[in-house]
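A.B. asks: Got a structure here, written out as structure tokens. Questions coming.
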Amino acid sequence: KMTQQMRDLQLAQARKPPGPSSPNAAKRLYRNLSGKFRVNYTSFDEGSLVGRGEKEKLRKSYLFQSNVALFEAVELQDLDRVQELLKQYSPEELDLNTPNSEGLLPLDIAIMTNNAPIARALLQAGAKESPHFVSLESRSLHLSTLVREAEQRVNELMAQVVNEAPNADCSEKEKQLKAWEWRFRLYKRMKAGFEHARVPDAPTSIHLSVASSSSLQVTFWEPLSVNSAVVTKYKVEWSCSPTFSPLLGEAVIDKLKDLHFTIQGLVSGTAYHVRVSAYNMKGWGPPQASVPPFAIPSNWREYDGRAPRRRGQAEALDHLLGQVKTVHQHCVCHEPCKNQPQSRKHSVSKSLKHLFHPGSKFLKTLKRGLYLTAIFYKDDNILVTHEDQIPVVEIDDTYSCLLMQDFLWFTKVSCMWDEILWLRQCVTVSQSSCSCILQTRFKMLLAISQMQGLLGIQDLGQVFFEPVKDKQGNILIVTLKEVKTNQTFESVRWVPICKLQTSRKSVSSPEEPTALDTLLVSIQDKLAYHQRSSHALSPGLYLGYLKLCSAVDQIRVLVPEQLPNILCHVKIRSNPNISREEWEWLQKMASVEEPVPTEPEADTSQNPLFQELQVAIKELMTLVNIPLQEAKDFRLYSQEVLDFGDQVSFLLLLPPSDDVCTAPGQNNPYTPHSGFLTLPLQIFELGEKR
């Protein structure tokens with residue numbers, strides 16, 4: 001079979017340009033080829049291609065050349081070129097796991113020439129070993145056949161070159177001879193690499209942790225030894241017995257980008273032993289037990305059987321809202337609205353034309369009063385009216401002092417943009433009391449409806465955490481929304497922010513800027529806040545710092561500017577789960593009023609959570625500019641772990657009880673470094689729910 005493959009190769013080479021005569025010649029050849037296929041085939045003149053079939057042929061031609069170039073780059077041990085090809089093409093486009101005519105894959109060549117950097121790059125891209133090598137004997141036989149037939153071909157060509165008179169055919173055969181001599185040396189090097197290789201050593205740093213009440217997570221590193229062949233896969237085994245007899249399960253990991261594995265479907269409260277072994281072309285190496293040698297699937301809630309805090313809350317609130325709607329749906333004031341459709345779904349492209357209609361009710365200038373402005377942005381552009389103004393509508397022209405409670409009520413309404421019509425009707429029913437507060441809030445709902453109607457968009461976005469004010473008595477409530485769709489709208493003007501700022505600057509007064517001037521000057525900061533407030537934390541367990549400060553009409557919470565929807569925090573570890581044993585240790589520490597751990601102790605040196613907390617507390621103290629010696633008076637919140645979904649959880653670090661909330665006028669001796677801000681507590685709660 002191998003002889004027939006080599007004959008096919010010879011026939012193919014008779015039709016193709018001659019192979020490389022030396023490593024340098026081969027290098028020049030594949031670089032010339034790669035320089036040609038580096039051009040994107042879609043950039044060619046479409047008129048020169050006759051039909052879709054020829055386009056597909058041209059595409060396949062370039063992909064074939066990329067596959068050839070990858071093999072040659074691996075053979076020539078050109079790591080930079082291999083990485084470039086892997087970045088430029090997908091594994092499917094490169095035919096990364098399709099054997100060549102010799103039955104080899106790029107990964108086979110890399111590991112048998114013991115080129116670890118290229119092999120690792122290929123493995124991370126999803127490369128596999130050839131399926132032809134089902135045993136050590138089959139691999140050895142295959143390599144021996146390649147070497148023997150390459151040597152035979154070299155001898156045949158050498159005899160032809162020696163016996164033939166110099167001519168064009170002879171020159172062609174000399175080139176083929178040099179190419180086969182180089183390939184003969186490559187195969188011999190691969191054969192020697194295979195023969196001298198040994199099975200890999202055991203993986204290192206095998207850490208076992210409790211991922212949930214039914215799963216364990218094992219993480220590990222590759223073997224330390226660099227003398228054995230490249231590891232191409234790992235095996236994780238688990239058992240209830242320290243002897244691993246019987247074996248309960250095993251999993252082979254061949255995607256080596258991240259060396260970790262989660263064992264699912266385990267029984268809570270049962271101890272499981274875990275070990276890991278590595279594999280290379282010589283076979284499986286010895287297994288290595290994890291540290292600790294076993295773990296018990298559990299969760300901190302099992303300590304006292306506590307149910308999740310938020311279980312059923314969303315459903316209960318929806319049910320309550322439904323009941324409220326049912327009570328109000330038969331009100332007299334609702335009769336004129338019954339014939340209206342439940343939801344007004346305007347065509348966005350049609351409704352946005354209102355922005356440019358002469359009869360638009362958007363305001364160009366502000367008088368003394370309360371206003372609503374909606375900022376829609378896409379990349380560095382912002383949506384404006386036909387007069388190049390940010391959309392602004394009036395809430396109340398007699399309202400010159402926005403009460404914090406009214407503003408916080410407005411932020412809660414932003415969670416129900418689709419229910420504004422219904423809310424407006426409910427407030428109308430209650431107006432018989434002539435309450436000033438209700439009057440103001442009813443006007444807020446009217447302004448929201450007006451903005452939604454003029455824009456044709458129900459969702460006005462997120463409310464910025466504080467209004468924009470000026471000395472003339474104008475107050476702007478600002479909503480922010482990013483438009484991510486690529487749809488183009490007719491007659492809609494997206495103006496670059498810098499252009500809008502320049503045009504506004506030319507007509508504004510620098511001595512007494514209006515609220516609109518102030519908004520435009522600071523608009524990049526507000527857009528940055530809006531984008532950061534939607535960022536999510538990576539999975540893991542975090543240590544959060546709870547610090548409040550109070551004012552006359554509100555309580556504010558300290559948050560980082562980069563993630564204003566999360567408390568000040570540092571990451572403890574990637575595993576978000578707190579096991580029952582870990583929670584018991586935390587409860588014990590809290591019951592004896594132990595200070596938070598900042599120094600190592602002999603009896604807890606083997607407790608991984610203790611060591612992780614030590615590092616996290618020191619990092620957090622530095623982050624918020626608190627001397628480490630003050631940490632002895634701080635406490636860990638021991639009532640619960642704050643779970644945010646299944647992937648993020650928090651332990652809270654609390655200052656002394658007298659310092660949790662700084663009172664008005666009270667001096668805080670430890671002012672955090674730059675990069676923090678304080679948000680109204682209600683705004684923070686809404687941001688966290690988003």
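The values are calculated or read from the model by the stated rules, or taken from the named source; none is laboratory data. Predicted model only: the values in this text are computed from it and were never measured. Neighbour counts are summed over all protein chains in view; Cβ atoms, including those assigned to glycine, are modelled from backbone coordinates with ideal geometry. Note: areas computed on protein heavy atoms with side chains; ligands, DNA, RNA excluded. Shrake-Rupley method; radii C 1.70, N 1.55, O 1.52, S 1.80 Å.
A.B. asks: Quick one: check the C-alpha center-to-center distance for region 185-257 versus region 639-668, whole angstrom.
C.D. replies: 42
A.B. asks: How would you rank 145-151, 110-116, highest first, on the average number of other Cβ atoms within 10 Å across their residues?
C.D. replies: Ranked by mean Cβ neighbours within 10 Å, highest first: 110-116, 145-151.
A.B. asks: Which links in Lys471/Lys547; Lys481/Lys547; Lys87/Lys128; Lys378/Lys499; Lys235/Lys571; Lys469/Lys547 stretch past 25 Å when you go from one Cα to the other? Intermediate values should be presented prior to the final figure.
C.D. replies: Values: Lys471/Lys547 32 Å; Lys481/Lys547 29 Å; Lys87/Lys128 18 Å; Lys378/Lys499 15 Å; Lys235/Lys571 29 Å; Lys469/Lys547 27 Å.
Too far apart for the 25 Å limit: Lys471/Lys547; Lys481/Lys547; Lys235/Lys571; Lys469/Lys547.
A.B. asks: Under 12 Å from the Cβ of Leu476, count the other residues' Cβ atoms, weight Lys and Arg +1, Asp and Glu -1, and hand me the total. Please report the intermediate quantities before stating the final value.
C.D. replies: Working: positive: Lys469, Lys526; negative: Glu394, Glu466, Asp470, Asp517.
With Lys, Arg at +1 and Asp, Glu at -1, the net is -2.
A.B. asks: Give me the orientation-averaged projected area of the Cα convex hull of region 207-298, in nm², one decimal.
C.D. replies: On the way: hull surface 23.1 nm².
For region 207-298, averaging the hull's shadow over all directions gives 5.8 nm².
A.B. asks: Okay, next question. Can you give the Rg and Dmax of region 124-264 based on its C-alpha atoms, in angstrom?
C.D. replies: Here Rg and the maximum Cα pair distance are 23.8, 81 Å.
A.B. asks: In terms of Cα to Cα distance under 17 Å, which aspartates and glutamates are near enough to Lys257, apart from those fewer than 8 places away along the same chain?
C.D. replies: Glu129, Glu222
A.B. asks: Continuing with the same structure: Can you give me the long-range amide H partners of Ser212? Hydrogens built in the peptide plane at 1.01 Å from N, cutoff under 5 Å, separation of 5 or more residues or another chain.
C.D. replies: Under 5 Å from the amide H of Ser212 lie the amide H atoms of Ser298, each far enough along the sequence or on another chain.
A.B. asks: Here's something else I'd like to know. How far, in nm, would the chain grow between Ala314 and Asp379 when pulled straight, counting 0.36 nm per residue and subtracting the alpha carbon separation?
C.D. replies: This chain segment gains 20.0 nm when fully extended.
A.B. asks: Report, in whole Å, the centroid distance computed from the Cα atoms of region 361-430 and region 272-298.
C.D. replies: With region 361-430 and region 272-298 each reduced to a Cα centre, they are spaced 61 Å.
A.B. asks: Also, quick follow-up: Note the full-extension length gain between Gln264 and Asn163 as 0.36 nm times their separation in residues minus their Cα-Cα distance, in nm to one decimal.
C.D. replies: The span from Gln264 to Asn163 would gain 29.4 nm if fully extended.
A.B. asks: Quick one: which of 183-192, 207-216 comes out on top by average Cβ neighbours within 10 Å, and what's the full order, highest first?
C.D. replies: The densest-packed peptide leads the list: 207-216, 183-192.
A.B. asks: Using a simple spin-label model with points 7 Å from Cα along the Cα→Cβ vector, what separation in nm is obtained for Lys257 and Gln524?
C.D. replies: The answer from the label model is 3.4 nm.
A.B. asks: Let me ask you something else. Test of understanding: what is the full-extension gain from Asp658 to Glu195, defined as 0.36 nm times their sequence separation minus their Cα-Cα distance?
C.D. replies: Numbers: separation 463, 0.36 × 463 = 166.68 nm, distance 7.19 nm.
Extra length from Asp658 to Glu195 when fully extended: 159.5 nm.
A.B. asks: Summarise the accessible area of region 518-600 (1.4 Å probe, protein heavy atoms) by the percent that is carbon and sulfur.
C.D. replies: Here carbon and sulfur together make up 54 percent of the probe-accessible area.
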